[in-house]
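Below is one structure; the comments refer to it alone.
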Amino acid sequence: MLVMQDRRRFLAGAAAAGAAGLVGTATQAWAEPPPETTKVRFPVFINASDCQAPMYVSEPLLRAEGFTDISFVSSGTGPDSADWLAHDEIDFDWNFPPAHVRSIANGVPITVLAGMHVGCLELIANDSIQGVLDLKGKRAGVDALNGVPHFLLMIVAAYVGLDPANDIEWITGGDPLQMLAHGKIDAFLATPPQPQVARDRKIGHVILNTSIDRPWSQYYCCMLSASTAYARQYPVATKRILRALLKAVDFCISDPELVAKGVVDKGFASSYDYALQAMSDVRYDKWREYDPEDSIRFYTLRMQETGLVQAGPNKVIADGTDWHFLEEIKRELKT
């Protein structure tokens with residue numbers, strides 16, 4: 001019954017907003033204390049992270065949880081939202097597991113709360129490459145050396161036995177889709193909407209899809225972390241925020257058209273069709289099923305093997321994770 005009420009509230013908020021975007025009205029959704037703060041800050045990467053759509057359209061659900069000051073931050077100190085969280089410029093970060101692991105291993109006070117979805121990453125290559133092993137001697141495009149996308153592709157390459165530092169030529173800068181189309185790189189790791197655009201424009205082909213290819217499909221590709229200070233100082237608010245975001249994740253399955261429209265209406269994505277396709281391509285149905293600790297352990301081990309971190313998984317898990325909010329919400333949102 002609660003899930004149906006939440007769906008009706010979400011839909012009602014969207015219908016009332018019309019072209020202005022998804023804006024709901026605050027209602028008392030749960031018989032528990034109000035949030036200790038009504039302010040929350042999230043990252044946003046406009047036209048570059050359609051898989052984060054649940055966060056971008058969560059405002060009606062957040063308002064129903066008692067939040068009134070909801071902001072999306074599009075830039076900060078450093079290139080990645082993990083850097084912004086470290087500099088107290090956002091309160092929550094929806095990011096790849098290696099980003100969270102690196103922060104925890106470096107002593108940044110963050111707390112990973114949950115896995116959000118599986119399968120947003122696709123490795124796209126030209127016809128000279130038919131598998132990950134074929135990356136040897138090839139050019140891979142990344143936004144920057146030692147950035148999170150670079151780390152991710154290094155991990156993938158090392159997993160099949162390549163030496164990422166010596167076997168691959170790393171090319172930085174530029175639009176990787178255009179660079180692949182014009183022969184300036186041979187492969188790159190794509191995130192929505194890039195895979196959807198590549199298929200539409202017939203650029204390259206997929207040699208690894210993390211939604212279906214093991215072992216990557218068995219682990220979260222994006223997880224949610226909070227500033228440890230925020231989670232400790234505002235535990236009720238933290239749980240309410242996580243609950244709102246996980247409900248929004250469920251809407252990607254039950255009402256993908258609504259979510260895609262909401263992301264475009266808010267100006268965070270430019271193409272409804274690509275956003276809608278991402279709703280289908282990304283596995284939003286796993287947050288109740290997969291153990292997030294397994295994902296942190298898996299990626300920490302891979303990063304250790306690649307020399308990207310020194311800390312082991314037990315220390316990373318002990319220092320930077322807290323699953324009790326998630327377990328409580330799983331009991332509440334059983335269906």
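For the range 95-202, applying the loop criterion from DSSP together with a ceiling of 11 other beta carbons within 10 Å to the trypsin sites (Lys or Arg not before Pro) yields K202.
For the chain, take the longest principal axis of its alpha carbons; what is the angle in degrees between that and the long axis of helix 2-17, to the nearest 10 within 0 to 90? It is inclined by approximately 80 degrees. Of the beta bridges in the chain, as assigned by DSSP with both residues counted there, near 60 percent are antiparallel. May I ask you to give the average projected area over all directions of the convex hull of the Cα atoms of the range 122-209, in nm² rounded to one decimal? For the Cα atoms of the range 122-209, the hull's average projected area reads 4.9 nm². For the range 66-77, backbone phi angles converted through the Karplus equation (6.51, -1.76, 1.60; θ = phi - 60°) give residue-by-residue couplings of x, 8, 10, 10, 10, 10, 10, 9, 9, 7, x, 7 Hz, Gly and Pro being listed as x.
For helix 272-281, what angle does its Cα long axis make with the longest principal axis of the chain, in degrees from 0 to 90 and rounded to 10? Orientation of helix 272-281: about 80 degrees from the principal axis. Farthest toward the positive end of the dipole of the chain, out of F72, S128, T37, is the Cα of T37, where the dipole comes from beta carbon charges about the Cα centre. Near the amide H of M116, within less than 5 Å, lie the amide hydrogens of C222, M223, L224, all on another chain or at least 5 residues away, with H placed in the peptide plane. Applying a DSSP loop filter and a limit of 12 other Cβ atoms within 10 Å to the GluC sites (Glu not before Pro) in the range 263-335 leaves E289.
Taking the Cβ of each residue in L245, L301 as the centre, tally the other Cβ atoms inside 10 Å and list the residues starting with the fewest. Intermediate values should be presented prior to the final figure.
Working: L245 24, L301 16.
Sorted ascending by nearby Cβ count, the order is L301, L245.
Our summary of shape: the Cα atoms of the chain have principal axis extents of 59, 43, 35 Å, ordered from largest down, in whole angstrom.
Remark: K334, K239 ranked as K334, K239, counting other beta-carbon atoms within 10 Å and listing the fewest first. For the range 112-127, the Karplus equation 6.51 cos²θ - 1.76 cosθ + 1.60, evaluated at θ = phi - 60°, returns couplings of 7, 10, 6, x, 9, 6, 10, x, 8, 9, 9, 8, 10, 9, 7, 5 Hz by residue, with Gly and Pro reported as x. Dividing the summed -39500 (n - 2.57) terms of all DSSP H runs of n ≥ 4 by the residue count of the chain sets its mean residue ellipticity at 222 nm at -12500 deg cm²/dmol.
At a 10 Å Cβ-Cβ cut-off, how would you order L145, L308, L224, fewest neighbours first?
Numbers: L145 9, L308 21, L224 27.
Ascending Cβ contact count within 10 Å gives the list L145, L308, L224.
Counting only C-alpha contacts under 8 Å and six or more residues apart, can you give the relative contact order of the range 199-335 as a whole percent?
Working: 77 pairs, mean separation 31.4, N = 137.
Computed value for the range 199-335: 23 percent relative contact order.
Relative to the Cα centre, the charge distribution of the chain, modelled as +1 at Lys and Arg Cβ and -1 at Asp and Glu Cβ, gives a dipole magnitude of about 460 debye. In this Cβ point-charge picture (+1 for Lys and Arg, -1 for Asp and Glu), the range 122-209 has a dipole of about 180 debye about its Cα centre.
Report, in debye and to the nearest 20, how large the dipole of the range 251-330 comes out about its Cα centre when Lys and Arg carry +1 and Asp and Glu carry -1 on their Cβ. Before the final figure, lay out each step's value.
Values: 9 positive and 15 negative charges, 39 e Å.
For the range 251-330, the charge dipole is close to 180 debye.
In the chain, Cα pairs under 8 Å separated by at least six residues give a relative contact order of 26 percent.
Read-outs: derived from the displayed coordinates by stated rules, not from any lab. This one's a predicted model, so the numbers in the text were calculated from it and none came from an experiment. Backbone-built Cβ (ideal geometry, glycine too); neighbour counts: all protein chains shown.
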